[in-house]
1. Six or more apart or on different chains, Cβ atoms under 7 Å: show the pairs whose first residue is in the stretch 9-25 and part of a loop (DSSP other than H, G, I, E, B) and whose second is among the small types (G, A, S).
2. Would you confirm whether or not the stretch 130-143 contains a residue that is part of a loop (DSSP other than H, G, I, E, B), assigned by TED's automatic domain parsing to the domain that holds T235 and closer than 24 Å to P76 by Cα?
3. For S98, all conditions in the list (1) in the same structural domain as F250 (by TED's automatic domain parsing); (2) buried (at least 18 other Cβ atoms within 10 Å of the Cβ) hold save one; what is the number of the exception?
4. Name the strands (runs of 3 or more DSSP E) wholly within the stretch 238-309 that hold at least 1 residues that are touching a strand residue (DSSP E or B) at 6+ places or on another chain (Cβ under 6 Å) and among the charged types (D, E, K, R)?
5. Within the stretch 261-270, can you find the residues that are closer than 18 Å to M123 by Cβ and out of contact with any helix residue (DSSP H, G or I) (no Cβ under 8 Å at 6 or more places or on another chain)?
6. In contact with a Leu (Cβ under 9 Å, 6 or more places away or on another chain), among the hydroxyl-bearing types (S, T, Y) and closer than 30 Å to G144 by Cβ: is that true of T104 in this structure?
7. Has the stretch 170-186 got at least one residue that is closer than 19 Å to S117 by Cβ, outside the structural domain of N68 (by TED's automatic domain parsing) and hydroxyl-bearing (S, T, Y)?
8. Need the failing condition index for R103 against (1) among the basic types (K, R); (2) over 23 Å from G295 (Cα atoms); (3) touching a residue at least 40 places away in the same chain (Cβ under 8 Å), just the number.
Amino acid sequence: MPANLMSKSKMKQLAEEASGIGEKGGDARVKEVTNRLLYRLMQVIDECDVSMEEFWAGVGFLAQTAKNNEFGLLVPGVALEHFLDLRLDEAEKKAGISGGTLRTIEGPLYVAGAPLSKGEARMDDGTDPGEPFVIEGQVRGEDGNIIPGAIVDIWHANSKGGYSFIDGEQAAYNLRRRIETDAKGRYLARSIVPNGYGCPPESCTRKAMTLLGRHAERPAHVHFFISAPGYRKLTTQFNFTGDKYLYTDFAFGTREELVVTLERVTDAAAIRNAGFNRPFAKAKFDVILIKERAGAPRTEVEREHVMAA
């Protein structure tokens, strides 16, 4: 049963002292956030009667998560990254911004500096035996006008659910490309159909999901950053219909408007024209960008990423 051993006034006073609220100097914003976090954490400890052993086990879990460089995986797993997206959606509405392709989580596996090409690119290096895949689309503004020169930054897993730079098995920048849209705002990527992935068996994130009675799996998906001068950067991804984990994505990345149906192409002429020698899958993903507005909340997020070796 909840203990409620401490008065709220004592917890509030202690949190204020610890966060330096009454002290000169320091950073006012850091003080404010620290004060609120400490006070609410103290409340949870008191209300749930958290033991010292439980508390230090939690500290150890967080320390191991940091040692594993795993917070980028745990944060979406506990819905915080999706929560931040939802808050940004609401902030945009209050700023009078609506429409455009929906955003969703970036996830932890982006690597900057992928090769850049104009109009189209081949993303895979030919070593993956997975199903050939064509992703194509057009980038337009909210007014319907095409956006030539937009940068479509695409990355996704291989047919085993692994990412280059992460799994240690793939060549650098395999399945990672940047494509500049052509004069008609179009882009095309030749690749292989990705598989979903699960958190590693030994990971802190999977351990946390198990304790919560949840699985630690993601459905197959393709990530995007789309940017163009004068437009708000879009972070998004699409998922595939029929995936086992489509609506139970442990990272809360699925949004109904971002689910696509793969078209299977078996016509011999179409296969040759696409540059393949066997049937392939095809997905269309058009994007609508919103023009930048003064005073609008930022969509360019500064965060740590995997570093290319």
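The values are calculated or read from the model by the stated rules, or taken from the named source; none is laboratory data. Because the structure is predicted, anything quoted here is derived from the model rather than measured. Quick reminder, even Gly has a Cβ in these numbers, built from the backbone with ideal geometry, and neighbours come from all protein chains shown.
1. These pairs meet every condition: G20/G26.
2. The answer is no; no qualifying residue exists.
3. (2)
4. 263-265, 280-284
5. L262
6. yes
7. Looking for residues that are closer than 19 Å to S117 by Cβ, outside the structural domain of N68 (by TED's automatic domain parsing) and hydroxyl-bearing (S, T, Y), one finds at least one in the stretch 170-186, hence yes.
8. (2)
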